[in-house]
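Below: one structure, written as structure tokens.
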Amino acid sequence: MNKVIVLGISDAGPQALPEAARTLIAKATLIVGGERHLGFVKDHKAEKLTLKGNLKEVALRLEQELNKPDSRPLILASGDPLFYGIGRFLAEKLGAEKLQIHPAPSSMQLAFARAGLSWQDADLISVHGREIESLGAARPGSTRLGIFTDAHNDPSACALFLLASGWPTDAKAWVCENLEGADEKVTACALGELPGKKFGELNVVVVDRPAPSSLRTEYLMGLDDALFAQRKPEKGLITRAEIRLLSVSKLRLFPGAKVWDIGAATGSVAIEAARLSRSGRVWAVEKNEEDCANIRENATRFGLPQLKVLHGAAPAVLAQIPEADAPDAVFVGGSSGKMSEILDLCATRLVSGGSIVVNTVTLENGAEALEWYKGSGFDWDCMQVQVSRRKPILDLNRFEALNPVTIFWGTKR
């Protein structure tokens, strides 16, 4: 059976490949690749097909070539085609059994070699053609990163995100450009020196920092209420830790989730959601300007640049959230008398299988939320929670009750 040859290649060109790989190129009847790769074989007599945002067209053409007995299609791809490369797409479209893949060292592997660092424990992330929040996929407390960049999410943008996430300015960084090419260049510097610097478009970034003294705070859930910036002198506009734990659990979050926190107040739920969704994006919606300032302060305090603050009253202000950020989960902690309107809009934009969680403290809001869920078509439920916390009294201790909270939750079918 004919197979599509997928051949990994570096900027060193075909001359750096083993003889067997060069033989595969010589026998090809159709060569597919980016302009840079096709430049390596410009004198080859085979037909050339440029790979440039036309993946479906290329897959269709390769399928046709496989039905020709004398055809020998070959794709030139950077490094390892199965590591953030075209290999996965082709395997899904054509079937893995129709591919013969010959990887070369990945540019990521080469970058770590240039930095002289082991990479078995590193977090390897691509922001090439993706959102910068993808960097949030790094494990909490991660000490070593390898990053595929692009022209928009360049080393400067990546450094700004990492610094906002709490990476130290003196973390070590390497920007490795045009690896194995004639113009290869490796720049070693501190992470804090990268913002504003310009590099060639083809680069990989490696970042290294010391291990944190403890990982406990990185994985902590139910953050202490006192850790948050809150309205002063009046405090209390915060979803308390115990209620927050239960409410966030009902959001059913996952890495990459898009979350809306409506009536965010202090932003405590948004903070917990951003820590769980990591590479996702969280929108904290709040009509009070002073509270918005507190949410921004809390996002900075906890190193969460993926948390966006939207000042305005729901539901009208929700139109400003991009369509690409349709929510996987919505939390409603305040509605200013527009509970049903907010929930109707959120249900419309919520993805299938997404969750809406509502907290109420008044009988009226609880009744309105109950009626909405009953008519929503969601799979839903509710519970009422009352928490009492220890309070010292002289040299003794007693319990002091917090206000009871009713938690509604439901999943969109």
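Derivation of every value follows stated rules applied to the coordinates shown; laboratory data play no part. A quick note: this is a predicted structure, and the numbers were derived from the prediction, not measured. As a convention, Cβ positions derive from the backbone with ideal geometry for all residues, glycine included, and neighbour counts pool all protein chains shown.
A few notes on this one:
- Rounded to the nearest 20, the Cβ-based charge dipole of the chain about its Cα centre (Lys and Arg +1, Asp and Glu -1) stands at 480 debye.
- Based on DSSP H segments of at least four residues, each scored -39500 (n - 2.57), the chain has a per-residue ellipticity at 222 nm of -8000 deg cm²/dmol.
- Mean separation of Cα contacts under 8 Å (6+ apart) over length of the stretch 39-121, as relative contact order %: 20
- Nearest-ten-degree value, helix 268-277 long axis tilted from longest Cα axis of the chain: 20
- Relative contact order computed over the chain (Cα-Cα under 8 Å; 6+ residues apart), in percent: 11
- By definition, a body whose alpha carbon gyration tensor gives a ≥ b ≥ c is oblate when a/c is 1.5 or more and a/b is not larger than b/c, and the stretch 25-79 fits this oblate description.
- Potential extension, GLU97-LEU396 segment - 0.36 nm per residue separation minus Cα distance: 100.4 nm
- Over the stretch 276-357, relative contact order from alpha-carbon pairs under 8 Å, at least 6 apart, %: 28
- Applying the criteria of a DSSP loop state and at most 16 other Cβ atoms within 10 Å to the trypsin sites (Lys or Arg not before Pro) of the stretch 135-212 yields LYS197, LYS198.
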